[in-house]
1. Being more than 31 Å from the chain's Cα centre (by Cα) and in contact (Cβ under 8 Å) with a residue 24 or more places away in the chain is the filter here; which residues of region 70-80 pass it?
2. How many of the residues in region 255-276 are out of contact with any Leu (no Cβ under 8 Å at 6 or more places or on another chain), in a loop (DSSP other than H, G, I, E, B) and surrounded by 21 or more Cβ atoms within 10 Å (Cβ to Cβ)?
3. Would you be able to tell me the number of residues in region 282-291 that are touching a residue at least 60 places away in the same chain (Cβ under 8 Å) and assigned to a loop (DSSP other than H, G, I, E, B)?
4. With respect to S467, is the statement that it is modelled with pLDDT under 95, more than 14 Å from the chain's Cα centre (by Cα), of a type in the set (S, T, N, Q) and farther than 19 Å from S129 by Cα true?
5. So, in region 469-491, exactly how many residues are more than 23 Å from N224 (Cα to Cα) and of a type in the set (D, E)?
6. Name every residue in region 103-126 that is within 8 Å of the chain's Cα centre (by Cα) and part of a strand (DSSP E or B), in order of residue number.
7. Could you list all residues from region 183-197 that are surrounded by 24 or more Cβ atoms within 10 Å (Cβ to Cβ), touching a Ser or Thr at 6+ places or on another chain (Cβ under 9 Å) and of a type outside the set (S, T, N, Q)?
Amino acid sequence: MNYINPQLIKSGLVSQRLLFFLTFATLSLLINATPARSEFADCSLIVKPDGASAGYGRCPVDKRCNASDVANDCIPEFGPKLKNGRFGPSIRQWGSSRVGSLNKPVAVAENPNARGQLFVLNSADDSISIFYCPGVKASYEPEHRRDLASCHFMHRPTDIAFGGSPTLGDVPEFKGQKVHNLSKTGTFATTGGSCNDYTASAFMGEYFTQRTCSDFMGPSLWANNLKTFAIQNNNFFPDNLKEKPYGSHIDMVHQEPFSMGITWEGREAGFWSWDVGPDSKYGSIVYTNITRTHGYGGHEHSYAYLYRYENTTMYKKTGRNLVPGHMARFDRYLFVANPAGGVINVLDTDSGTVAGDVKHRDEWREKYAAYSKISGARFTELSVAGLELKSPSGLVISDSKLFVSDSDTGKIHAIRLDTSGNHTYIGSIQTPASQIAGLEVDQKTQRIWFVDAVWHTLNVVEPLCQSRDDCESESPWGQECAPDTDENGKTVWQAHLDSSGNHENWQGCARYYYYVCPGGNSHQNSKLPVCHEQGGTWRDALVSWVDGKSTCRCMSSESSRIVASAWLPLGALSVLALHYPHR
């Protein structure tokens with residue numbers, strides 16, 4: 001799979017037949033393209049002896065740059081420069097709306113416990129798509145996971161970061177919930193670009209018509225355990241949220257609505273994040289250290305220390321989609337992509353002093369261990385000669401190099417970092433992305449992975465090789481990246497789907513039913529009165545959610561059959577339309 005330049009497609013001007021031709025013509029050109037310099041080999045397009053080609057090759061790290069190329073700014077992530085003085089790696093696509101169910105992906109991160117597992121964060125449907133051993137021919141099927149309670153704990157997500165375990169461990173709130181050994185698995189945190197509008201009607205009552213947000217939102221913490229993520233507490237509907245666990249999250253802070261990015265501090269469950277919510281007037285950047293979690297689906301959030309940095313206020317940027325601003329830590333410096341400002345901000349984390357509470361404790365969303373302000377910290381803009389930015393979004397650091405994606409231009413820039421602050425510009429590559437967002441560099445093959453929020457894709461940068469004989473096609477991952485399986489050899493995710501007959505109906509936002517559907521409060525995991533009275537069950541209940549309001553209706557067995565039968569001719573017509581031009 002490869003890109004078609006979106007500029008070629010103008011609404012209403014290109015027929016489906018022409019689009020069909022362009023697609024295959026583009027694929028043919030890409031597959032049979034020769035390297036720009038004969039001495040370099042495009043490993044992603046391996047030519048077989050019979051002249052055919054296959055796109056599953058890659059160039060090993062040690063075969064990308066020789067001594068002369070290194071002197072010419074060759075770096076493993078981009079590969080050597082071409083005769084025109086520019087980097088010329090290939091771009092390959094490994095995930096899409098059809099492969100991995102990507103839906104406006106905004107971030108990608110490699111699981112540190114299983115190299116070759118890539119977590120892709122989907123902003124449109126509050127989910128994570130997990131790719132196992134991507135970038136090789138014989139990879140596993142990706143999984144599309146959405147937690148039962150993601151409509152709050154992962155609502156319109158913007159970023160993801162893997163981290164460590166809290167110092168005081170995991171203390172489950174509810175009976176029957178086992179203590180999870182987080183020191184063994186670690187954690188990951190996600191941020192949400194939301195102000196908590198989905199529960200506003202329930203929490204705000206009559207005031208909902210005046211303001212559709214409660215601002216009860218912020219980063220969520222999850223156990224880095226694919227045996228439990230979106231599985232634990234996901235096979236029943238919690239009809240009493242005070243007595244029963246809600247989903248698989250293990251902690252959350254509610255002081256940062258519209259969070260734009262997050263990165264790990266490098267120890268414990270400490271994370272840096274920034275938001276543009278109401279408290280951002282005191283400063284957008286927040287350091288949060290969660291010292292104890294409440295177990296799966298709990299509510300106790302008092303074991304969190306929050307430190308908000310004064311004079312770091314930033315703003316969000318929206319276009320076709322919200323543009324996230326990711327973060328990266330290097331030495332004592334925190335780099336923050338500021339898409340609205342068109343710059344990368346830098347916070348010296350060793351500077352500043354604690355100067356009391358951010359605001360009166362009665363105004364805190366929850367009773368945290370601390371919610372303090374930091375005054376006098378050094379907060380500047382990154383200045384690097386030759387670097388041109390319009391709307392920086394994704395950030396990742398690899399071997400003292402900072403890579404930055406620009407959502408406006410589709411470029412990825414490389415900067416060589418120096419602890420003294422004397423950073424230098426290496427160069428850039430142009431990607432075909434329409435709205436490039438998050439970046440990741442996997443640790444084994446040192447390749448850059450990026451997502452495109454408009455075309456719903458996961459892509460990899462394939463550096464050129466010094467010789468085609470150096471190209472490799474076998475999997476670099478081994479079995480480390482394979483999905484977990486049960487005693488029957490079935491993946492734990494498939495086993496969960498098989499055992500949870502209500503998974504498709506409840507995933508994502510069970511509270512839609514609990515708060516709004518008639519009879520939702522009395523639901524006992526079997527029937528909703530809204531459907532039972534019409535001869536159906538909860539499997540027939542449908543919920544729509546638009547602009548902070550939801551409606552429920554029942555789709556009886558008879559109406560389900562009618563709709564299903566209608567799909568056949570409609571589908572056949574859509575297929576036939578591809579073969580005939582518009583008149």
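1. Residues of region 70-80 more than 31 Å from the chain's Cα centre (by Cα): 70-72.
Result: no residue meets the conditions.
2. Within region 255-276, residues that are out of contact with any Leu (no Cβ under 8 Å at 6 or more places or on another chain), in a loop (DSSP other than H, G, I, E, B) and surrounded by 21 or more Cβ atoms within 10 Å (Cβ to Cβ) number 4.
3. Here the count works out to 2.
4. Values: modelled with pLDDT under 95: yes; more than 14 Å from the chain's Cα centre (by Cα): yes; of a type in the set (S, T, N, Q): yes; farther than 19 Å from S129 by Cα: yes.
Yes.
5. Here the count works out to 4.
6. Of all residues in region 103-126, those within 8 Å of the chain's Cα centre (by Cα) come to 105-109, 119-123.
Those that are within 8 Å of the chain's Cα centre (by Cα) and part of a strand (DSSP E or B): P105, V106, A107, V108, A109, F119, V120, L121, N122.
7. A189, G192, G193
Yes/no per residue for (1) buried (at least 18 other Cβ atoms within 10 Å of the Cβ); (2) of a type in the set (D, E); (3) touching a Phe, Trp or Tyr at 6+ places or on another chain (Cβ under 6 Å):
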position	(1), (2), (3)
P432	yes, no, yes
E440	yes, yes, yes
Q443	no, no, no
V454	no, no, no
L458	yes, no, yes
V461	yes, no, no
R468	no, no, no
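The values are calculated or read from the model by the stated rules, or taken from the named source; none is laboratory data. All of these numbers come straight from a predicted model, not from anything done at the bench. Cβ: placed from backbone, ideal geometry, glycine included. Neighbour counts: every protein chain shown.
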